[in-house]
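Just below is one structure, and these are the notes that go with it.
The values are calculated or read from the model by the stated rules, or taken from the named source; none is laboratory data. Fair warning: this is a prediction, and the values are worked out from it, not measured in the lab. In this analysis, Cβ positions are derived from the backbone assuming ideal geometry, glycine residues included, and neighbour counts consider all displayed protein chains. We work out accessible area using only protein heavy atoms, side chains counted, and drop any ligands, DNA or RNA first. Shrake-Rupley method; radii C 1.70, N 1.55, O 1.52, S 1.80 Å.
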Amino acid sequence: MRFTHPVNTLKKLGCGLAFGAAAIMAMPTSALACTQIYMGSKLTADGNTYYGRSEDFGPRYIKHFGIEPAHKDGNEYTSVESGFEYKSKGATYRYTFVRDNPSQWEDRYDAYSEAGINEKGVSCSATLSTSYNEKAEEADPITEETGIGEYNYASVILGESATAREGVELLGSLIDEQGVCSNDQIIIADNNETWLFAALSGHQWIAMRLTDDIASLNPNIGNLTYDVDLDDTENCLHSEGIESMPKEKGFAEYTDGKFDVAKTYGEEIGEAGMHQWSRYIQGRDYFMAPLAEGTDYEIVKDEREDARATTGALVHEMQPLFFTPGKSDWNTFEMIRSFAARGENVAGLNANTDGAYAIGSNRNTEIHTFQIRHGMDPEIATIQWEMLSNAEFSVAIPLYSALLTEVSPYFSDQDVSFDHCEEEDVVNNEEPKNSINYVLMDINTLAYENRDHCAAGVRAYLDALQKELIEQNLTVDEAMQAEEGTEARTALANKAGKAATKNTYVKCKAMLEEMRDYLQEGDFSEEFVPSDYDADNDCLVESITYADEALSDEDVAEPEAEEKEVTEEKSGQQHGRHGRWRRRHHLCLRLRDLSSQEGLRLSRSKGGQDSASSLALLVRHLTGGKHRRETRLKSFQKRFPRAYCTVL
């Protein structure tokens, strides 16, 4: 989670960088709100390793998925959060990224790469912000003059490293030489190893090779306990002075006679971290290894005027960084959904009812989950499941990022305007065209702000969509593993990425339009349910065509082709009573044509009323083919008893 954006703001105001960074480091740790998760391969149903992170920064803050090309003459890395500089010693590797909009960072296109995979199969999740204690700060302060930080971590690691261990060693050497400008944790992995890297103080760091029989959950807590053998160079790398420096300065801590890294450098338990602890407790509950109120923690109230949440928690003693979950068959869907946990089953810490801060916060800006198949060819070993919005109401798109050379046009590039992020009336003002980034953002805003009417239906639909993406990706993956050679794999990766993104966009955009219609009409006697959702069977009415498109001989349709299906009135009439009338009129005409084509007789119940949502649903049912049509129409009649009725 980035907490350095005020540096940029202060620089624009003419303030010095040192003052800006000092002000930021004075921020309470409760302002940090990202969550990092790891699940070892022995604890998953498919035997794969999963890890990832949610980034919290603001409720409407656009992120961009893209590709940084290889640079044959090397690359120069610089930062706006510090004076860090580094020049490649040779050619760099191509990698994917999830970056910020340049308008927020002095029009720079390299700001905060966050997550990606390079062409060698090295993946990186950066960054989980943490903090150090006063004694560590006094002895070895972070350095804004030269230190590397979140702005550059992923770019340097992915651009320069052929293996995860190389990435760890490179980052460690840069901290040895130039220091860091913030305390952070990062995960670096490849098809053989997964490493957790922690920047402990200005020049001290540790990296631990994660085993396949543990889980880890960290919501910005720097002193979660762990036992590590500093002399085991196969599984632990670290700075030379990690123990000698604090021992010399008089603040080294030992547990049972052994040097305790977390206790030496991390902060003590305090009220400033109450919202981190609430998320830790929510996450442990999600992974079926719950803590007990009263025994392990107490619920506390945050009475500050500017508090993001009113309820938090404080543990009685420090908790572990690694734990054993309550089962050992976690699947892809459950791992993706873990980032949306809101403490629904934790009494007193349910974000929906108790005012607690959540892992699945409305301040999520992007979430990535890496699925690693150990031992597989590094080109295809890792699948990146990418969300570009709040996890609670979003969908993760599968991407073979190590191979990608092209990005779906439905991912808005970094030149798209940032203005829609500041839109206050999302109901009546549509997002820029063909932008999955903004579509997911607007879905989140509307579902979150209209939770009582929209949340359940939206979440159920997106879960059904996510499950179809996961299921169909198994088919795509079989084809990917059967392909021989990088060229053929790259072609399939590019096509699959476009097909998955397009299918996700089309489904989510249609639902977003229905949400807007529903909220504009203002009749909340029934909760919102997307017309494409079959509640009786908990599935989509019309399945996506991701796998079929990815494996077909035809190119994936571009946005321009999709635009031909958009109704004429939508292009010139986005809101208002007249626009809604025209939409209903258009749908009525389409129903008439469909009934004629399909040999159906349509009748209307006495005094029937037809919203655009009900009409759109009926059109979708009639155009979805004859398979299960009768079941769908009966479900429609039950949901809209005063709307159009059909007779087969």
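Here are some notes:
- Listed conditions (1) part of a strand (DSSP E or B); (2) modelled with pLDDT under 95; (3) of a type in the set (A, V, I, L, M, F, W, C) are all met by Val300, apart from (2).
- Region 81-148 holds strands (runs of 3 or more DSSP E) entirely within its bounds, and those carrying 1 or more residues that are open to solvent by less than 10 Å² (accessible area, probe 1.4 Å) and hydroxyl-bearing (Ser, Thr, Tyr) map to 95-100, 123-129.
- Some residue of region 444-457 being of a type outside the set (Asp, Glu) and more than 16 Å from Leu519 (Cα to Cα): no
- Among the residues making up region 114-127, those that are among the hydrophobic types (A, V, I, L, M, F, W, C) and out of contact with any Gly (no Cβ under 9 Å at 6 or more places or on another chain) are Ile117, Ala126.
- Subset of region 60-80 [among the β-branched types (Val, Ile, Thr), assigned to a loop (DSSP other than H, G, I, E, B) and more than 21 Å from Val180 (Cβ to Cβ)]: Ile62
- Close pairs (6 angstrom Cβ cut-off, 6 or more residues apart or separate chains): touching a residue at least 60 places away in the same chain (Cβ under 8 Å) and on the phi < 0 side of the Ramachandran plot in region 530-546, open to solvent by less than 60 Å² (accessible area, probe 1.4 Å) and part of a strand (DSSP E or B) anywhere: Asp532/Leu540; Val541/Asp534
- Index of the failed condition, Asp517 passing every other in (1) in a helix (DSSP H, G or I); (2) open to solvent by 60 Å² or more (accessible area, probe 1.4 Å): (2)
- Some residue of region 258-274 being part of a strand (DSSP E or B) and touching a Ser or Thr at 6+ places or on another chain (Cβ under 8 Å): no
- Comparison of Ala111, Ala115 shows that the only residue that is within 30 Å of Gly241 (Cα to Cα) and of a type in the set (Gly, Ala, Ser) is Ala115.
- Annotation: of all residues in region 240-257 being outside any loop (DSSP other than H, G, I, E, B) and of a type outside the set (D, E, K, R), the one that is most open to solvent (accessible area, probe 1.4 Å) is Tyr254.
- Considered as a group, the residues in region 528-541 that are surrounded by 15 or more Cβ atoms within 10 Å (Cβ to Cβ) and of a type in the set (D, E, K, R) include one that is farthest from Ala499 (Cα to Cα), and that residue is Asp534.
- Condition met for Gly20 (surrounded by fewer than 17 Cβ atoms within 10 Å (Cβ to Cβ), within 20 Å of Asp107 (Cβ to Cβ), at pLDDT below 95 and out of contact with any Cys (no Cβ under 6 Å at 6 or more places or on another chain)): no
- Meets criteria (part of a loop (DSSP other than H, G, I, E, B), open to solvent by 20 Å² or more (accessible area, probe 1.4 Å) and more than 22 Å from Lys120 (Cα to Cα)) for Asp176: no
- In region 39-56, the residues that are in contact (Cβ under 8 Å) with a residue 24 or more places away in the chain and more than 12 Å from Thr332 (Cα to Cα) never reach a residue that is open to solvent by 20 Å² or more (accessible area, probe 1.4 Å) and among the aromatic types (Phe, Trp, Tyr) with C-beta atoms less than 8 angstrom apart, at least six apart or across chains.
- Some residue of region 414-437 being outside any loop (DSSP other than H, G, I, E, B), touching a Gly at 6+ places or on another chain (Cβ under 8 Å) and buried (at least 24 other Cβ atoms within 10 Å of the Cβ): no
- Test: residue in region 102-110 that is farther than 27 Å from Thr49 by Cα and in contact with a Pro (Cβ under 8 Å, 6 or more places away or on another chain): yes
- When region 57-70 is limited to residues that are modelled with pLDDT under 95 and within 17 Å of Thr127 (Cβ to Cβ), the one that is surrounded by the most Cβ atoms within 10 Å (Cβ to Cβ) turns out to be Phe57.
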